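One structure is given below, represented as structure tokens, and several questions about it will come after.
The values are calculated or read from the model by the stated rules, or taken from the named source; none is laboratory data. Computed from a predicted model, the values in this text were never measured in an experiment. Positions of Cβ are backbone-derived with ideal geometry, glycine not excepted, and every protein chain shown enters the neighbour counts. Only protein heavy atoms, including side chains, enter the accessible area calculation; ligands, DNA and RNA are left aside. Shrake-Rupley method; radii C 1.70, N 1.55, O 1.52, S 1.80 Å.
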Amino acid sequence: SFVSAEAVILVDTSGSMSARDSRGGQRRYDVALEELAALQAAIPGKCAVIAFSDTTLFVPGGQPPFLSGGTDLTGALKFAKIADVPGMRFIVVSDGIPDNQITALAVAGTFTNKIDTVYVGPERDTYARDFLARLSATKGGQTITADRVVELADKVERLLLGA
């Protein structure tokens with residue numbers, strides 16, 4: 001449940017996440033799992049994990065399965081909206097290629113809390129990175145590339161601890 005969570009991490013597990021063009025030639029999905037692990041280590045037991053593709057799935061065990069299919073970020077944000085309570089952090093880990101950017105940005109704009117994003121795609125894809133930057137900017141969040149997620153994890157931990 002979201003009851004004890006201090007951060008909700010939405011992990012893209014769509015078909016595009018199988019591309020092997022992320023850090024070190026790894027699949028985007030594998031890099032996303034590494035970044036998720038770094039966030040979970042920073043605030044153990046305080047992360048609620050949601051996997052999304054065509055469908056959205058709450059992942060109580062914390063390790064999202066590879067779902068393949070499309071990228072319904074809009075649906076995932078609507079699903080996570082129930083946890084948009086005071087003090088909650090939202091982090092989207094994705095390659096930045098949602099099915100519908102306009103509706104995803106519109107739903108993100110309804111959140112009261114910040115939405116941070118972690119980009120796990122290829123460096124050369126500025127279009128996808130720019131979308132994630134726009135998504136996080138809707139609520140004053142930050143965008144980090146996968147190689148800097150430890151920095152984000154540290155910042156999230158400090159925010160949650162009130163430091």
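Report, by residue number, each residue of segment 22-31 that is surrounded by fewer than 20 Cβ atoms within 10 Å (Cβ to Cβ) and within 14 Å of D95 (Cα to Cα). I'd like the intermediate steps shown before the answer.
Taking segment 22-31 and keeping what is surrounded by fewer than 20 Cβ atoms within 10 Å (Cβ to Cβ), we get 23-27, 30.
Residues satisfying the conditions are R23, Q26, R27, D30.
Could you list all residues from segment 32-62 that are open to solvent by less than 20 Å² (accessible area, probe 1.4 Å), on the phi < 0 side of the Ramachandran plot and modelled with pLDDT of 85 or more?
A32, L36, A48, V49, I50, A51, F52, S53, V59, listed by residue number.
On to the next question. How many residues does segment 90-108 hold that are surrounded by fewer than 23 Cβ atoms within 10 Å (Cβ to Cβ) and farther than 16 Å from M17 by Cβ?
Initially, segment 90-108 is screened for residues surrounded by fewer than 23 Cβ atoms within 10 Å (Cβ to Cβ), giving 97, 99-103, 105-107.
Now restrict to residues that are farther than 16 Å from M17 by Cβ: 100-103, 105-107.
The total comes to 7.
Kindly provide the set of residues from segment 116-163 that are part of a helix (DSSP H, G or I), among the acidic types (D, E) and either touching a strand residue (DSSP E or B) at 6+ places or on another chain (Cβ under 8 Å) or modelled with pLDDT of 85 or more (or both), ordered by number.
If the condition is that a residue be part of a helix (DSSP H, G or I), among the acidic types (D, E) and either touching a strand residue (DSSP E or B) at 6+ places or on another chain (Cβ under 8 Å) or modelled with pLDDT of 85 or more (or both), then D130, E151 are the ones that fit.
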